[in-house]
1. Tell me, yes or no, whether segment 100-108 has at least one residue that is more than 28 Å from residue 76 (Cα to Cα) and under 20 Å from the mean Cα position of the chain (by Cα).
2. Failed condition for residue 264, given (1) modelled with pLDDT of 95 or more; (2) surrounded by 14 or more Cβ atoms within 10 Å (Cβ to Cβ), with all others met?
């Protein structure tokens, strides 16, 4: 279906598989992505992953700062679809009504659950047993359009944001490529979202990254894996920030210890008391240091000096 013209809108790594799938099957006439960012002390310009892929395939790139008022160039060439995936801005009505077959979105949750910018993180943090990908029609309200198709997957205990992100990206690409021909042929039955079932997945805040050891072990475990590998959970030890990337749940419980207190050193980790048990930290990163396994860290310190210290 190379005659089908698509304008793609997306920004992060999650969108790359989706764009690649469209490039291989359709004519992608343009890519809209967020403006370049300055990163690091040298303020080097960083392209979005989607822009990098578009350049590789010689596809025209648009980067409006405010698409609600900077969309006129996108209306110059008729397209059959606008496909969005984690673009990062609300699409104006003029664009939503522009394509022949409409504007559709690839969203990494089973809508109406987890509308918003961090559905993969929040699915793990909130201990959802399953999640998935939804293809929906875009409307001016965030992630509120009619559902065209969905696919789901279990969230496994060993999943983190990285593994679930990669799985959903592949699933979403496959679902999109299956859905587009059905839209063209009219073989779809869109379903309105049930507003009473809506939940939200707002972008992760700095406060949500900090571990509170007064919470339950399972909550802390889900928080850690729900922020791994980005942006990373953290706690303070001796007033220093320690990023905590991986953990496991212990069956120990120290009734005489404070929540957050290091109570036991294991071969593979650091046992920290929680509200109802113990979490064992197995991967961490100290400020100015590289990420490492807890076992590697423990090989370079006096283990007995850690006992009794408090993570805050």
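1. Yes, segment 100-108 has at least one match.
2. Of (1) modelled with pLDDT of 95 or more; (2) surrounded by 14 or more Cβ atoms within 10 Å (Cβ to Cβ), only one is false for residue 264: (1).
The values are calculated or read from the model by the stated rules, or taken from the named source; none is laboratory data. It should be emphasised that the depicted structure is a prediction, and the values quoted were computed from it without experimental measurement. Note: ideal-geometry Cβ built from the backbone for every residue, glycine included; neighbour counts use all protein chains shown.
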